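S.K.: One structure coming up, written as structure tokens, with questions to follow.
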């Protein structure tokens, strides 16, 4: 939740200033205000420490058995940074040497001093050339040495310096053997630098502890600089933000100190920080919220909403219980393997666990297991919501003998005598290449999945409007209009809604009620907007296009989920047709690709539907995160 903050003025005697800030840093719930436009950057000497930590974090994990006495950590950091700089230079030099060797190797291995001696004694000029490959004959003045990578190499021995059209002269500063020796020396130097970095990896925790200590000291000094002095430097004063629910912690903090705290008014132009306090699932949702923006102080905390909506969208996009089981196994392994990581990383692992479980649940409901075609009579269908709705849809069309039924019978005349939806879906098959496809079942399943995606969009956007109806009265009207559109639009699409074949409402009744709700909701939205915003409320008419576009955006859930199912099924078919050995690797590679694409799509689009479509109607954003003065701690302390 978002908790309001209060502005407090602290006035105290100069002798207690250092003690006051140290205690405030230990408690960590006060953000002090600075009179400066910008906060000073970290001290220069800390930059190498930060860089050294980043470098050592990439090295194999090591632990220091015993902390050395009188150890110069700053010197260690400088040495690590210098070593990395030297390593980068050596790597660049090795790259240049490899290119140079590749350039001169076709000319052969010879001594440049011998070439110079021959030139001096014979009074001739020896030159080397290269040109794009072409068929002989070559110029008589040239000796063809070698052909490599569609390039011909030549040598010229002449009484004068020669130039040949279409050819580039190759200048040699050192021989091939000398370049190879240089490459060997550089490679050895690279290995030494890499060994030094790996050896220094055991000092990573020591560097982290030192950095935390230095940053705490720096932050403390910076907080002290935010004070103003009075009465000939006998008093100090500083302002700060304190969360409303932590005001009671202030008085024990000031006990036995000559410091007085007084709540003061907040100026209109002041930028008030946003203090968010969440636990468990809400805290994981808060991590997701900060990816996009910080809520404004007058926003409602969207953390828990974003969390569960993201879990649902991710599951519907991945859309496979088998993949979810793999994710869950990986998540549990990571939690056990890295049990001592930072709390933020632990929350990431827990988020992955929730996403894994949601994938399993939705995969079971949608009857999707590694893209395997499940027969209609399989016992797994008993727990599949999508299969149950598909059967209901088949029963409805059989009962009403509608257009969909007529089109199906035209394709599959044998289904004409069937009066049970389950058998109807089971008999409509297409057998090709040794595979059985339940065509009508797949069509009905896809239509159900598409409508569920739209229904999710209708509910999600409606909840967004409902959350902020006090700020935007027209949202009530638009919720009614959205429900009406969901009931009425199947008439234009000539489709049968889930509400129809589950007997929630008849088609004609749904069309009539939907039309009334659609028109009435739009009218109510406009009237409420005019009441709330006067003449500027007429702009509310444009909201119709926004809502229509936002709800249609949820079709991406269906499209990505269907694509994942099709890819999985395609790789399975390819693998089965190629035999056991090759097929196994094709199926394995295909599912790995599908999993990677699914994770990317589920993350990007799952968050996008929250941050763009949903935020559009219930989020202001642009807030400033509450950043109190507090002690930075490492894992070891």
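S.K.: Which FRET efficiency value, to the nearest 0.05, is calculated for residue 70 and residue 113 with the Förster distance at 51 angstrom and r the Cβ-Cβ distance?
M.R.: 0.40
S.K.: Can you report the principal axis dimensions of the range 110-174 using only the alpha carbons, biggest first, rounded to whole angstrom?
M.R.: Principal-axis extents of the Cα atoms in the range 110-174, largest first: 34, 23, 15 Å.
S.K.: Follow-up. Which parts of the range 314-332 would a label at residue 374 reach, counting a residue when its backbone N lies under 11 Å from a point 7 Å out along Cα-to-Cβ?
M.R.: The answer is 320-322.
S.K.: Using a 7 Å offset from the Cα along the Cα-to-Cβ direction at both residue 160 and residue 416, what is the distance between the two label points in nm, to one decimal?
M.R.: Between residue 160 and residue 416, the simple spin-label model gives 10.0 nm.
S.K.: How many angstrom lie between the C-alpha centres of the range 254-289 and the range 82-121?
M.R.: Between the Cα centres of the range 254-289 and the range 82-121 lies a distance of 63 Å.
S.K.: At 7 Å along Cα-to-Cβ for each site, give me the label-to-label distance between residue 345 and residue 300 in nm.
M.R.: Each label point lies 7 Å from its Cα, and together they span 3.7 nm.
S.K.: Just round it to a whole percent: the fraction of Cα-Cα distances in the range 468-552 exceeding 16 Å.
M.R.: 54 percent
S.K.: Could you work out how much longer the chain between residue 423 and residue 26 gets when fully extended? Use 0.36 nm per residue separation minus the Cα distance between them, nm to one decimal.
M.R.: Gain on stretching residue 423 to residue 26: 135.9 nm.
S.K.: Moving to a separate point now. Only residues of the range 422-458 count here: report those whose backbone N is under 11 Å from the spot 7 Å along Cα→Cβ of residue 400, or say none.
M.R.: Correct set: none at all.
S.K.: Using 1/(1 + (r/R0)^6) with R0 = 51 angstrom and r between the beta carbons of residue 470 and residue 361, what's the FRET efficiency to the nearest 0.05?
M.R.: Efficiency computed from Cβ-Cβ geometry: 0.90.
S.K.: Averaged over all directions, how much area does the convex hull of the C-alpha atoms of the chain cover when projected, in nm²?
M.R.: 49.4 nm²
S.K.: Ok, one more. Relative to the compact-globule scaling 2.2 N^0.38 Å, provide the ratio for the alpha-carbon radius of gyration of the range 458-612.
M.R.: With N residues counted in the range 458-612, Rg over 2.2 N^0.38 Å equals 1.46.
S.K.: Let me ask something else. Need one number: nm distance between label points at residue 86 and residue 555, each 7 Å from Cα along Cα→Cβ, rounded to one decimal.
M.R.: It works out to 6.3 nm between the two label points.
The numbers here are math on the coordinates, done by the rules we state, and not lab data. A quick note: this is a predicted structure, and the numbers were derived from the prediction, not measured. All Cβ positions, glycine included, derive from the backbone under ideal geometry; neighbour counts span all protein chains shown.
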